[in-house]
Amino acid sequence: MVPQGLMAKGVPPQPLWLLYIKIAILALSLIILALAAWHLSLFGGYAYYGSGAGGMDIFVAILSFIVYGGAAAVEIWAPQYFYCIGFFIGYILSIIFWLSAWAWSASSASAWLGLGSIYGYGNYGASIAACAGLGAVVWVLTIVHFFFFTRACLENSTDSGPGSGPGQAELGQVKHEAPPAEYQQPSQPELQPQQPQQPQQPYPPQPYPPQQYPVQQPSPYPTQ
């Protein structure tokens, strides 16, 4: 059963110097690519007959550009698309191919250096011998990188709990789900008892003074 950390999506927590190892692998691969191309150019029109070890070095160098260059680019600019299992397989293939490349180059260099002392093929042997030496260094770096990368993935699988998603635990962004809020019925406003309205008192009767009429006095004149 594949560990959970290797099946995770996201960059596992790993030391920064692993990025520097990737850069060193890419730089040495570029140098090996140039040396292998120079080795093949020495054959001129007969490069097909001597392209065994040199062609293998060129192939493995290009493979390293794809694997380690792509891994570094994804880790820096798109960590959410980093699939651990995919790069895990790519690192294993790189280790196997680099072992085959530098071993084949060392065997070819010994043959060319032996002929170089007799027929003057020193440049043929020196170029492929440099590829073998640098290829061995790159092979060691790929093993170191693979070991610490795998350990980081396995430690990440043990650190992440059952409730943490595989893509978030690597980046330290574990989301804690909040418990579902209980359904609360909308509270109805309480009806306050209405106080009885007091009847408005009528205006108090205002006393008016009785109307006084002038007393009529008997006219001194006789009525007709």
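The values are calculated or read from the model by the stated rules, or taken from the named source; none is laboratory data. Because the structure is a prediction, the values reported are computed rather than measured. So basically every Cβ, Gly included, is an ideal-geometry build from the backbone, and we count neighbours across all protein chains shown.
Tabulated values for the structure
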{"quantity": "Residue within the stretch 45-60 that is modelled with pLDDT under 90, touching a Gly at 6+ places or on another chain (Cβ under 6 Å) and within 16 Å of residue 129 (Cα to Cα) present", "calculated": "no"}
{"quantity": "Residue match in the stretch 40-47 (condition: crowded, with 16+ Cβ neighbours inside 10 Å, in a helix (DSSP H, G or I) and of a type outside the set (S, T, N, Q))", "calculated": "yes"}
{"quantity": "Test: residue in the stretch 49-57 that is of a type in the set (Phe, Trp, Tyr) and not in a loop (DSSP other than H, G, I, E, B)", "calculated": "no"}
{"quantity": "Test set (1) in contact (Cβ under 8 Å) with a residue 40 or more places away in the chain; (2) surrounded by 14 or more Cβ atoms within 10 Å (Cβ to Cβ); (3) farther than 15 Å from residue 145 by Cα - residue 24 fails condition number", "calculated": "(3)"}
{"quantity": "Candidates 174, 137, filtered to the one that is β-branched (Val, Ile, Thr) and modelled with pLDDT under 55", "calculated": "174"}
